[in-house]
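For reference, the structure is listed below as structure tokens.
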Amino acid sequence: MDEGAGLMWEQAFTSLSAGFLAQPADLDRAAAELGFPLPASYRSFCETCGIGLAAAQFRIAVPAPFEASDLATQAGVIAVSVGNAVAMLEGGGEPHRFDVEDGDPAVIERACFFGAGEDGSFLFWDVAGATDEYDIWLLAPDLETVRFGGENLADFFDRVTRPSAAIVLGPGATPLPARFDGIAEATLARGAGLA
């Protein structure tokens, strides 16, 4: 792991208790399964913070041997869940529309989900990026509103832990705590029935 990357996350989170960490081989496996390179900020997050609860709100999927937390597994599960919910919303005959604030409505078609909020929101990358990072977007719990979250994962957490939180999380939202609470391997194994 890059020492500078660890420092980035120690600055993003004033309290950081790392959880189960992804290994470079796990990150490479996930990238191969998903079919695109994983963003540099996400890779460093996985190697420094790991599995846990970020900003007391978001669970970022991390390549791991635990399906409930694994990136490739959760990307598929969230995509299917959102697709099924949208299909139910369209049951009345009206096509479902995503309201993408300040963005291209096609961003949802390029989405790769990688995180979930305790409030029912979802985080996704717009995988059309041409750099080593992808823009991060937040799909609000109403499954209609899509807000820009940041240019990378560190930028996202910087935005949601400051007064700018309402721009990302929605009107009335207050800054989230700048902390990361990791989940240990033993706890994950018990939850998966492996211990």
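The values are calculated or read from the model by the stated rules, or taken from the named source; none is laboratory data. Fair warning: this is a prediction, and the values are worked out from it, not measured in the lab. Because the Cβ atoms are built from the backbone with ideal geometry, glycine has one as well, and the counts that use them run over all protein chains shown. Accessible surface areas use protein heavy atoms only, side chains included; no ligands, DNA or RNA. Shrake-Rupley method; radii C 1.70, N 1.55, O 1.52, S 1.80 Å.
Results for (1) among the hydrophobic types (A, V, I, L, M, F, W, C); (2) closer than 15 Å to GLY150 by Cα, shown as yes or no for each residue.
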| residue | (1), (2) |
| --- | --- |
| ASP70 | no, no |
| THR73 | no, no |
| ALA79 | yes, no |
| LEU89 | yes, no |
| GLY93 | no, no |
| VAL107 | yes, yes |
| GLY115 | no, yes |
| VAL127 | yes, yes |
| ASP135 | no, yes |
Residue under evaluation ASP135, criteria (1) within 24 Å of PRO37 (Cα to Cα); (2) open to solvent by less than 30 Å² (accessible area, probe 1.4 Å), criterion not met: (2)
Within the set of pairs 6+ apart or on separate chains, which have a first residue in segment 174-191 that is farther than 30 Å from PRO163 by Cα, a second that is buried (at least 18 other Cβ atoms within 10 Å of the Cβ), and C-beta atoms under 6 Å apart? GLU185/PHE20; LEU188/PHE20; LEU188/PHE66
Which ones in segment 104-126 are open to solvent by 60 Å² or more (accessible area, probe 1.4 Å) and either free of Cβ contacts under 8 Å to residues at least 12 places away in the same chain or under 23 Å from ALA55 (Cβ atoms) (or both)? ASP104, PRO105, GLU109, GLU118, ASP119
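When residues of segment 138-153 are filtered for being in contact (Cβ under 8 Å) with a residue 60 or more places away in the chain and surrounded by fewer than 22 Cβ atoms within 10 Å (Cβ to Cβ), how many remain? Walk me through how you get there before you give the answer.
Of segment 138-153, the ones in contact (Cβ under 8 Å) with a residue 60 or more places away in the chain are 143, 152-153.
Still in the list and also surrounded by fewer than 22 Cβ atoms within 10 Å (Cβ to Cβ): 143.
Of the residues in segment 138-153, 1 are in contact (Cβ under 8 Å) with a residue 60 or more places away in the chain and surrounded by fewer than 22 Cβ atoms within 10 Å (Cβ to Cβ).
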When you go through GLU94, GLU67, GLU10, GLU101 one by one, which is the residue that is open to solvent by 60 Å² or more (accessible area, probe 1.4 Å) and touching a residue at least 60 places away in the same chain (Cβ under 8 Å)? GLU67
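Test of understanding: among ALA32, ALA55, which residue is at pLDDT 95 or above and crowded, with 19+ Cβ neighbours inside 10 Å? Steps first, answer last, please.
Values: ALA32 fails: crowded, with 19+ Cβ neighbours inside 10 Å.
Criteria check complete, one pass: ALA55.
Can you tell me which residue among ALA18, ALA22 is small (Gly, Ala, Ser), open to solvent by 20 Å² or more (accessible area, probe 1.4 Å) and in contact with a Cys (Cβ under 8 Å, 6 or more places away or on another chain)? Steps first, please.
Numbers: ALA22 fails: open to solvent by 20 Å² or more (accessible area, probe 1.4 Å).
Result of the check over ALA18, ALA22: ALA18.
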Only one of (1) within 22 Å of GLN11 (Cα to Cα); (2) open to solvent by less than 30 Å² (accessible area, probe 1.4 Å) is not met by ILE183, so which one is it? (2)
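Give the residue that is surrounded by the most Cβ atoms within 10 Å (Cβ to Cβ), with candidates limited to residues of segment 71-87 that are hydrophobic (A, V, I, L, M, F, W, C) and farther than 18 Å from SER121 by Cβ.
To start, the set of residues in segment 71-87 that are hydrophobic (A, V, I, L, M, F, W, C) comprises 71-72, 75, 77-80, 82, 85-87.
Within this subset, residues satisfying the condition of being farther than 18 Å from SER121 by Cβ are 72, 87.
Numbers: ALA72: 18, ALA87: 10.
Among them, the one singled out is ALA72.
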Can you tell me which condition ILE60 does not meet? The list is (1) crowded, with 19+ Cβ neighbours inside 10 Å; (2) more than 19 Å from SER121 (Cβ to Cβ), and all the others hold. (2)
Among (1) more than 20 Å from ASP155 (Cα to Cα); (2) small (Gly, Ala, Ser); (3) modelled with pLDDT of 90 or more, there is one condition ALA106 misses while meeting the rest; what is its number? (3)
Output for segment 155-170, where each listed residue is open to solvent by 20 Å² or more (accessible area, probe 1.4 Å) and of a type outside the set (Lys, Arg): ASP155, ASP158, THR161, PRO163, SER164, ALA166, ILE167, LEU169
Given (1) more than 15 Å from VAL82 (Cβ to Cβ); (2) within 15 Å of the chain's Cα centre (by Cα), number of the condition ASP132 does not satisfy: (2)
